Structures are given as C-alpha cells and as structure tokens.
1. What number of residues in the stretch 123-137 are surrounded by fewer than 20 Cβ atoms within 10 Å (Cβ to Cβ), under 13 Å from the mean Cα position of the chain (by Cα) and not aromatic (Phe, Trp, Tyr)?
2. Considering only residues that are in contact (Cβ under 8 Å) with a residue 40 or more places away in the chain, polar (S, T, N, Q) and in contact with a helix residue (DSSP H, G or I) (Cβ under 7 Å, 6 or more places away or on another chain), which ones fall in the stretch 137-153?
3. Residues to consider are Gly96, Gly112; find the one that is assigned by TED's automatic domain parsing to the domain that holds Glu62, of a type outside the set (A, V, I, L, M, F, W, C) and under 20 Å from Gln148 (Cβ atoms).
4. Go over the candidates Arg190, Arg198, Arg156 one by one and state the one that is crowded, with 16+ Cβ neighbours inside 10 Å and under 25 Å from Tyr86 (Cβ atoms).
5. Against the definition (at pLDDT below 95, surrounded by 15 or more Cβ atoms within 10 Å (Cβ to Cβ) and hydroxyl-bearing (Ser, Thr, Tyr)), how does Thr94 come out, yes or no?
6. With the stretch 69-158 as the region, which helices (runs of 4 or more DSSP H) entirely inside it contain at least 2 residues that are over 22 Å from Arg188 (Cα atoms)?
7. Would you mention how many residues in the stretch 97-122 are polar (S, T, N, Q) and surrounded by fewer than 19 Cβ atoms within 10 Å (Cβ to Cβ)?
8. Any residue at all in the stretch 39-49 that's surrounded by fewer than 20 Cβ atoms within 10 Å (Cβ to Cβ), closer than 18 Å to Trp121 by Cα and either in contact (Cβ under 8 Å) with a residue 12 or more places away in the chain or in the same structural domain as Ser119 (by TED's automatic domain parsing) (or both)?
Amino acid sequence: MNAVVAAYLRASPGAVLVVDDKELRPRFPGQERIDVNDLAARPPANDPRVVVFRGDVRQGIEVDPETVAGLAWRMAGRGCPVLVVYDELDKATTYGSWKRGVTRIPKSFGQGRAVGIASLWGTQSPQAVPREAFEQSSCILCFRLAGQGLAKLAERDYLQGGVADVIVRLPGDEVPPAQRGDFVLLRRGRPWDGVIYRF
C-alpha cells in the first residue's frame, strides 16, 4: 500500500490519512498521532501530507476508522483532497456489514470521489468487507488467500481466468518475509491478466 500512497502524493496536492494501529511498529511513514483528538491537540509540524493514526497500545487505545473518515469529510469540505488508508477495513465491520454507527466510511466509498475523498483498503478477511467497498474498488491486489476470503472474491466475480488456483499457491507465512510479496491484480468481471506481481 505504501507504493499507492507514494503515487497519490506525486499526483495530488492533497493529504493522506492512514489508520495503522495493527502492529507495534508503523507500516506507513508519516507524522504519527494517537487518534483524531491527538491530531487536534498537537497539529502537525510544517505542511503535513501524511498523518498516521497509531492508537496507543500502552493505554489500550485503538483508532476508530469512522472518526478518521469524518476528518476526511471535513478536510474535503475545506477543499483539501484526501486519501484515507484503512489498513484493516474489517475493524469497521461485523459479519460483512458496517458496525453500528459507521456511516461516513460507506459514504466515502459511494460519494467521496465527487468531493475529493479517495479510499484505499486492506484486509486479511475479505469475507468481512461490506458490498460498498467492493462495488467502488476498481481493482484488488490479492496476496495468498484461501477459504472464506477466496469464496467471497468468487461471489463478487473477481476470480475469472483460473486465478483462484494461483492465489492459493502464492508464497505465504511458510517462507521468510523477504520471500513474500507476490500478488495478483483482480478486476471485477474480467479475466485475470496472467501476471504475478511482486512488491
């Protein structure tokens, strides 16, 4: 996802807001804040292009992706284009539906483009992701996957051209991290292009 963020920053004068509280170390470079309240209390130095919301493991604080989406809508309302990166979108979902109170994230997928909001999402559990995210995603980068996640991609018509057999054989946790990173590009209703890409 870092490559997509870098491409966005080259092409747009806007900002990037990243929800990245999954691991102890950040996966995205940028000015780190605990959450949206911490950002308000400690405005970023200089001209921030990337703000990474990390939560605080010591205090048991996780980032609420809905509040980050709300910040994106406020920024877009002031004329600032923004890319919101949801490193684990399934944090905002329950069994394939949005959690109670989550309204701005689905609105971002359906109406965000018109006001300058772009969304980039990742998950290890595609079966937990609601329809709006799939409907508004022009492509999906898929790393090794099996089971219910692969079944959800098939149900959403992303697995044409024999790609399912390739996905289950991509390198995963059985090899060292340096040997991982192979993925395929999936486009809804279109056959696989036959290429295995690598980060």
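1. Selection size over the stretch 123-137: 5.
2. Selection gives nothing.
3. Among Gly96, Gly112, only Gly96 is assigned by TED's automatic domain parsing to the domain that holds Glu62, of a type outside the set (A, V, I, L, M, F, W, C) and under 20 Å from Gln148 (Cβ atoms).
4. After applying the criteria, what remains is Arg156.
5. Criteria not met by Thr94.
6. Result: 104-115.
7. Of the residues in that region, 3 qualify.
8. So far as the stretch 39-49 goes, no, none of its residues is surrounded by fewer than 20 Cβ atoms within 10 Å (Cβ to Cβ), closer than 18 Å to Trp121 by Cα and either in contact (Cβ under 8 Å) with a residue 12 or more places away in the chain or in the same structural domain as Ser119 (by TED's automatic domain parsing) (or both).
The values are calculated or read from the model by the stated rules, or taken from the named source; none is laboratory data. Owing to the predicted nature of the structure, the values given are computational and were not obtained by experimental measurement. Counting neighbours? That spans all protein chains shown, and the Cβs are built from the backbone with ideal geometry, glycine included.
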